[in-house]
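Participant: My questions will all concern the structure given below.
Bear in mind these aren't lab numbers, they're just calculated from the coordinates by the rules spelled out. Keep in mind it's a predicted model, so treat the numbers as computed, not measured. Neighbour counts run over all protein chains shown; Cβ positions are idealised from the backbone, glycine included.
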């Protein structure tokens, strides 16, 4: 298997998907209806479905070509979740980091509600879109690895002082080896087509 850095899943098709984050919680119930709940996953896992309303032939051709290159479930690739693809330096969805070494930092996105928060691992930032600040000041020397989400800063700041803002993709794969198409009409010289049951699943890389 491989990971396809470019191209990412076609943006115009990604715009119409349905899905979002999911958690895996193990629940044990007692006879008195009390519950013991345990989180099986450290991070949420996102999933989507690419089923869409009727489209022109060219749109399905783009999906088919990408599906063929991905070889169904075999290879991973970048996906733009139009509902969640940015982080800011401050606010309830901010870009934060954890330290790996004194000069390298892993990107995360923090979702905060009051005093509670969840951090999401970001491994596929979009090249050229990320701005890094140290103590609120843009650090022009910082470099961002767009294939791993690792930031390098030579001045070795505290991780708590580092923030980032910009765009990111989600590493995904198809969760099916079959692509089903239905031709439902003609539109001039072209065809009107639809498809269903094309699930997308977030992966760890």
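Participant: Cβ neighbours within 10 Å, averaged per peptide: list 132-142, 68-78 in order, most packed at the top.
Facilitator: On the way: 132-142: 14.0, 68-78: 15.7.
Result, highest mean first: 68-78, 132-142.
Participant: Go ahead and estimate [θ] at 222 nm for the chain from helices alone: -39,500 (n - 2.57) per DSSP H run with n ≥ 4, summed, over the residue count, rounded to 500.
Facilitator: Working: 2 runs with 18 residues, N = 205.
Value at 222 nm, helices only, nearest 500: -2500 deg cm²/dmol.
Participant: What does the highest-first list of 16-27, 146-157 look like by mean Cβ count within 10 Å?
Facilitator: Details: 16-27: 12.6, 146-157: 16.2.
The packing order, highest mean first, is 146-157, 16-27.
Participant: Along each principal axis of its Cα atoms, how long is segment 86-167 end to end? Whole angstroms, biggest number first, please.
Facilitator: If we take the Cα atoms of segment 86-167, the spans are 33, 24, 21 Å.
Participant: Between segment 57-98 and segment 1-38, how far is it from one alpha carbon centroid to the other, in angstrom?
Facilitator: 14
Participant: Next question. Ranked highest first by the average count of other Cβ atoms within 10 Å around their residues, in what order do 92-100, 164-172 fall? Kindly include the intermediate steps, with their values, before the conclusion.
Facilitator: Details: 92-100: 17.7, 164-172: 22.0.
Descending packing order for the listed peptides: 164-172, 92-100.
Participant: Would you mind giving the average projected area, over all directions, of the Cα convex hull of the chain in nm² with one decimal? Before the final figure, lay out each step's value.
Facilitator: On the way: hull surface 62.9 nm².
It is 15.7 nm².
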